[in-house]
Structures are given as structure tokens and as C-alpha cells.
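First the structure, in the form of C-alpha cells, and then the observations on it.
The values are calculated or read from the model by the stated rules, or taken from the named source; none is laboratory data. Not measured: the values here are computed from a predicted model. Ideal geometry is used to build each Cβ from the backbone, glycine not excepted, and the neighbour counts take in all protein chains shown.
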Amino acid sequence: MYQLDKPDNLVEMLEDSIAIHGANEWFGVKNRDNAYQWYTYKQVGTRIDNLRGGLASIGIGRGDTVGIISNNSVEWAVACYATYGRSARFVPMYEAELVSTWEYIIRDSSIKVLFVSKPEIYGKVRHLLDEGANLRHVILIEGDGTGSMAELERTGEDSPVASIIPSSGEIAGLIYTSGTTGDPKGVLLSHGNITSNIHAIIKCFHVLNETDRTLSFLPWAHSYGQVCELHSVMRLGASYGLAESPATIVNDLALIRPTLLISVPRIFNRVYDAIRAKMEQDGGLPRMLFNMGVSSGIKRRKLARAGKNSVLTNCAFAIADKLVFKKIRDKFGGRLRVALTGSAAINPKIAEFFSDVGVPIYEAFGMTEASPGVTTNTPDYNRSGSCGKAFDKVTLVIDRAGEDGDSNEGELIIYGPNVMKGYHNKPEETRRVMTDDGGLRTGDRAFIDEEGFMFITGRIKESFKLENGKYVFPAAIEAEIMMNKYVDQAMICGLNKPYTVCIIVPDFSILAAFAAGNDIPADNAGMVRSGRVISLLETEIRNQLAKKFGSYETPKRILILPEAFSVDNGMLTQSFKLKRKKVMEKYGADIEALYAG
């Protein structure tokens, strides 16, 4: 059984897991027969030992930096843990990234050895070896010839070296925030930062153990996927199957049958929208049973909170559960016990729906600068709409400077062993976010209720003032709009304007049904130009927001886009956060036209 709070470094943590869980399956990789092949902790541990020796043979030691450009893979994990075993720093990068961003990170972090997943990437970064800077080796993960990772592992097998145990305060790695503006910032995270977060996660989710299994699809280049999934599951001695690709996640869930899922709201939003669209399409008895089940689920939850019960409600739910909701659980593999969602807020209605049907979702809050976990809901305490309670040893403070006297909201400040060491090579940026007494300013507007649940109400920098002096915090409004069945993405604008307007990316699959019934061209371009579609969405949004938001917050006009915000078109960060400045740069003239017209 693992001990909480110890070890305080990732090298001993890994070695403990291999010693205790050596025979357990660790990684599953899909083969050509559409089945998963599993590798044990001992098998992967041997590869880590070999690569550690290989890194030593090419001069990697304490304080050096190793980078990787690759999607999640067994090799990614082997490179990561072998680097830690040399007490060196590990710097991950996304495959789906601009070459200029790779170049910036490689230079900024002084990467000495770089692993790349495929020859195409090798060809794009090879020129950096000729600059005479820090980069000495580019190692190809694919293949097993000269200059490959396999060759380096063979070298290490012939010349093994013991692991170097780093101190808690030594830097484990840099995780570069993709950022919505400017160059990415390298967040310096120590072994103690990361292990404190792992211990806190396991304490919060004490129901998890070495028998659990997850499907891995969040990128480990991001702090959320790396710490909450890769490292924490390793600490448990549990297993992960690697998703083949984003397009195969549904099929992979059925094959892996996870008990644990670490995800983002967008995954649950899309499943929810698909379920609701199918019920609308099927109609008749399936829709009646679905609606009956949803209604009875809400009643059961409310009765349970009041300590009450209803036989009639339970019977209605049991019928819908057997005939409808079981099929929903089966979409997630049928065994899911814990689903953690972070990176962005999930609409409470969606979280409550899935929990009612037997897919318990626990919303968490974090940021890379906090290693990343700060708060979470758990099986022991869960309040819809909140981000949960603070992690063990983490203290939250609400800075109300500049707020009205009776306001309970302000900027969230974090204190704890998870707070980063700073931004690499950016002392001014570090001073800007760190308080004199070691707190981390989040830039998030929040409040904490009397029971310790934390609620985010918006990003301080994203708030804006209308010309009448009223402040608008767009995040909550956008989240509510995106609950509409016709809406996929939304962004509220209105800085120094008389009223707000909204950019909408529709759910074209659902909007197409409306178009077909109203003699509107069903192609995306035709639908977004249709006056009837614009009128429909404006009316839907106005009615939807009427009971929750002030009239000054409700958009008076909308701009409908034929293309979604995405990482590929530069409108989203790698962690799917909206780059508002980029959106305004591209669509600013169209927004101005809404006011002019």
C-alpha cells in the first residue's frame, strides 16, 4: 500500500510502483487487429532503466534538459521517467504545433537531447543541431536504426547506470503554457510540486486503486494530462489504454472499458448533444422513456438531498435506467466509477445529467502554475456548479481589493506546495503573478461558500465594461448559451459598446434538421446566411438567458460562423481555451458591422 506524502520525488515514486506492482498491466496499445496489447510495470520499467543508461552515455546528467515532440505513447513515458532518473529536466511539446513554437521552446529551455516521434518532425528540427547552441542530439522514436530511441536503449542495456534520486526542490520539468497571447511561458515545476499534487489527488479519490483502468487521450504535454493521468495512475499501480486517435475514442472506450476517465467538458458536451439529438430523431417511446428517466432522476436527486425517498419515482427511474440509461453507460464501457473533468467549466445541467444516469462526473479546477490541481469535487463531497474544495495542504484566499464592500467575490490566490517555482527566463512575468508571501495570483474571479466549495465566476482579464459602465463577465453567459441544442461554441463581445453581441458556431448536425424543414440550404454557408436561422438563434438565446442574466448581459445581435474555433485555425489553445484576441482580429470587422447595422 502506498504512503501518502512520500516519496517527494518522481524517481522513487516510479521505483516504488514497479517494485510493488511489477506484474500489473500498465500500458495498453492498440494493434492492427483492433485489440489492445498490454505491457506490465516490470516490462516498461526495464525499458526506462535501459534508456536511462543510454542518456548517460550521451552526456545527460543532473540539471540537463531533455525534450520530446510526440503524442502520448509508451515511448513518451519511457523518455520522461528515464530523464527524471538522470535528475534532468523533461520538456514535452505537442506534435500539432507550429515549427516556430518548437524552435522557441527548444532554445528557451536549452534542450540538449530531443526525442521526436517521426521522420517528418525530425526533418523540421534537424537544422537546430547546426546552430552551435545547446541541442546535441535529435533521437527518432520511430524505427530502430542508427540515431533511434531503440538504439539508445540497447546502448543503455549494455552500460547500465543507477538512477539519481533528485531532491524535492529540484526541477522535474518545464511545461509550456500555450497562452492566449504572446510567447509561451515555461512553467518550472519541481519534483515536490508534482508529487504533492499526486498525493492530494489520491487522497481525494481514495476509492481508486491498482485495479482501475483509464483511457488516455488528454495530451501529456499539458499539465492536466501529465500529472492527473500519467503520474497519478502510475502511483496507484493502475493502467491506461492509449487512445488510437481522437476519432476512435468511442470505439476505444468500448474496448478498454475504463473505470476511471480523466477528461474535459467538451467530450461530455458532445456525448450529451448526440444523445439528445438521437432522442429527438427517434421520437415516440424512446423519447418518452428518456424524458421520464431524466425527470425521475432529477426528482431522486432532490429527494435524496432532503433525506427523502419515493417508490413511484424510483420505479420510473428503474424502467428508464434499464431500457435507456444503461445504453448511455455502455458508451463509456459500462464500468465507469469516476470521471474527472477540468481545463474548463462544465455546465451543471450536463454534469447532473450524467451523474443521474450512473456516470459520476467530478469537476476540478487547476492551472499549470499549480502543478496543476487546486480544487476538486469527490465522491465524498460534490456540489453542482462548483469546482469543489481545496486540495490537501492548499490554501485559497479571495483578494477583494477594488470590489464593492458587500461583494464576496475577488481574485483567487493559491498557497501550497503545488505552487510553481516561477516562469523560466521570465522574472518580470513571475513577479507579476506571485505575491510577496508566496501566493499565486490566478487571474480568476471567484468566491468560496460557507462549506468551502469554490466557484469560478469568470476571468478577470476577460471581463469588459459596456459604455453604460456595467461590467460583463462572459464565461458564465457563454456556458449557458452553449447548453442550447443548436449551439456548439459561443463568444460574447461588447467592450465599450452599448450592448453585447455574440459570435456563434452552430451545431450544424442539429441545425440541418431545422433547415431541411424550412426550405433553407443545408450547407454550412447557406445556413449561416439565412435570416430565419439568425432569427431562430437570437430568439433561442434571448429566451434562454432571460431568467439568469440581466438584459445588459444578453446579446442583442449574433454573428454565425461557418467554421468552428479550433487549434488548427489558431482560435483555441492546445488545452482548448479560446483565444479571444485572435477571434477579434479575424472577425472584428464583422462584429463592428453588427453595431453599425
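Between Thr101, Thr83, Thr65, Thr146, the distinction of being over 30 Å from Glu369 (Cβ atoms) and β-branched (Val, Ile, Thr) belongs to Thr146 only. The set of residues from the stretch 308-326 being part of a helix (DSSP H, G or I) and either touching a Phe, Trp or Tyr at 6+ places or on another chain (Cβ under 6 Å) or surrounded by fewer than 13 Cβ atoms within 10 Å (Cβ to Cβ) (or both) comprises Val311, Leu312, Cys315, Lys322, Val324. Across the stretch 540-580, the number of residues qualifying as at pLDDT below 90, loosely packed, with under 13 Cβ neighbours inside 10 Å and not in a loop (DSSP other than H, G, I, E, B) comes to 0. Of the numbered criteria (1) among the hydroxyl-bearing types (Ser, Thr, Tyr); (2) closer than 20 Å to Glu97 by Cβ; (3) surrounded by fewer than 20 Cβ atoms within 10 Å (Cβ to Cβ), the one Ser216 fails is (3).
Among the residues of the stretch 77-104, those identified as part of a helix (DSSP H, G or I) and crowded, with 22+ Cβ neighbours inside 10 Å are Ala77, Val78, Ala79, Cys80, Tyr81, Ala82, Thr83, Tyr84, Trp102. Pairs meeting the criteria (first residue in the stretch 212-234 and touching a residue at least 40 places away in the same chain (Cβ under 8 Å), second residue among the β-branched types (Val, Ile, Thr) and in a loop (DSSP other than H, G, I, E, B), beta carbons under 6 Å, at least 6 apart or on different chains) are Asp212/Thr259; Arg213/Thr259. Under the condition of being within 19 Å of Gly241 (Cα to Cα) and in a helix (DSSP H, G or I), the residues counted in the stretch 16-60 number 10. Put simply, of Val374, Val394 the only residue that is more than 20 Å from the chain's Cα centre (by Cα), assigned by TED's automatic domain parsing to the domain that holds Val359, closer than 30 Å to Glu352 by Cβ and at pLDDT 95 or above is Val394. Taking the stretch 300-309, which residues are under 12 Å from Glu352 (Cβ atoms) and either among the polar types (S, T, N, Q) or touching a residue at least 12 places away in the same chain (Cβ under 8 Å) (or both)? Result: Arg300, Arg301.
Yes or no, residue by residue, for (1) in contact with a helix residue (DSSP H, G or I) (Cβ under 7 Å, 6 or more places away or on another chain); (2) of a type in the set (Asp, Glu):
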{"position": "Asp436", "(1), (2)": "no, yes"}
{"position": "Leu440", "(1), (2)": "yes, no"}
{"position": "Asp444", "(1), (2)": "no, yes"}
{"position": "Glu451", "(1), (2)": "no, yes"}
{"position": "Ala476", "(1), (2)": "no, no"}
{"position": "Ala479", "(1), (2)": "no, no"}
{"position": "Lys485", "(1), (2)": "yes, no"}
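Per-residue answers, yes or no, for (1) touching a Phe, Trp or Tyr at 6+ places or on another chain (Cβ under 6 Å); (2) assigned by TED's automatic domain parsing to the domain that holds Arg235; (3) under 23 Å from Asp130 (Cα atoms):
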position	(1), (2), (3)
Tyr39	yes, yes, no
Ile48	yes, yes, no
Ala79	yes, yes, no
Tyr84	no, yes, no
Val91	no, yes, yes
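If you check Ala150, Ala162, Ala221, Ala133 for being outside the structural domain of Val374 (by TED's automatic domain parsing), in a helix (DSSP H, G or I) and of a type in the set (A, V, I, L, M), only one passes: Ala150.
Does Arg266 satisfy being closer than 30 Å to Leu10 by Cβ, surrounded by 14 or more Cβ atoms within 10 Å (Cβ to Cβ) and at pLDDT 85 or above? Answer is no for this residue. Being at pLDDT below 90, at positive phi and within 32 Å of the chain's Cα centre (by Cα) narrows it down to one of Gly458, Gly494, so name that one. Exactly one residue qualifies, and that residue is Gly458.
The number of residues in the stretch 400-423 being more than 23 Å from the chain's Cα centre (by Cα) and either outside any strand (DSSP E or B) or loosely packed, with under 15 Cβ neighbours inside 10 Å (or both) comes to 10.
In the stretch 34-67, which residues are among the aliphatic types (A, V, I, L, M), closer than 17 Å to Leu10 by Cβ and in contact (Cβ under 8 Å) with a residue 60 or more places away in the chain? Scanning the stretch 34-67 gives Leu51, Leu55. For Arg300, the requirement of being over 24 Å from Thr195 (Cβ atoms), assigned to a helix (DSSP H, G or I), among the charged types (D, E, K, R) and touching a Ser or Thr at 6+ places or on another chain (Cβ under 6 Å) is met. If the condition is being surrounded by 14 or more Cβ atoms within 10 Å (Cβ to Cβ), hydroxyl-bearing (Ser, Thr, Tyr) and part of a loop (DSSP other than H, G, I, E, B), then the stretch 165-194 contributes Ser168, Ser178, Thr180.
When you scan the stretch 281-290, do you find a residue that is among the acidic types (Asp, Glu), closer than 29 Å to Tyr486 by Cβ and within 30 Å of the chain's Cα centre (by Cα), even just one? Looking through the stretch 281-290, none of the residues is among the acidic types (Asp, Glu), closer than 29 Å to Tyr486 by Cβ and within 30 Å of the chain's Cα centre (by Cα).
Taken over the stretch 426-445, the residue count meeting the criterion of being in contact with a strand residue (DSSP E or B) (Cβ under 7 Å, 6 or more places away or on another chain) and part of a loop (DSSP other than H, G, I, E, B) is 4. Pairs meeting the criteria (first residue in the stretch 530-543 and assigned by TED's automatic domain parsing to the domain that holds Gly517 and in contact (Cβ under 8 Å) with a residue 60 or more places away in the chain, second residue assigned to a helix (DSSP H, G or I) and of a type in the set (A, V, I, L, M), beta carbons under 8 Å, at least 6 apart or on different chains) are Ile541/Ile481.
Residues are listed down the side, and each one gets a yes or a no for (1) touching a Gly at 6+ places or on another chain (Cβ under 8 Å); (2) among the hydrophobic types (A, V, I, L, M, F, W, C); (3) in a strand (DSSP E or B):
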{"site": "Glu462", "(1), (2), (3)": "no, no, no"}
{"site": "Met483", "(1), (2), (3)": "no, yes, no"}
{"site": "Lys497", "(1), (2), (3)": "no, no, no"}
{"site": "Val505", "(1), (2), (3)": "no, yes, yes"}
{"site": "Ser509", "(1), (2), (3)": "no, no, no"}
{"site": "Phe514", "(1), (2), (3)": "no, yes, no"}
{"site": "Pro521", "(1), (2), (3)": "no, no, no"}
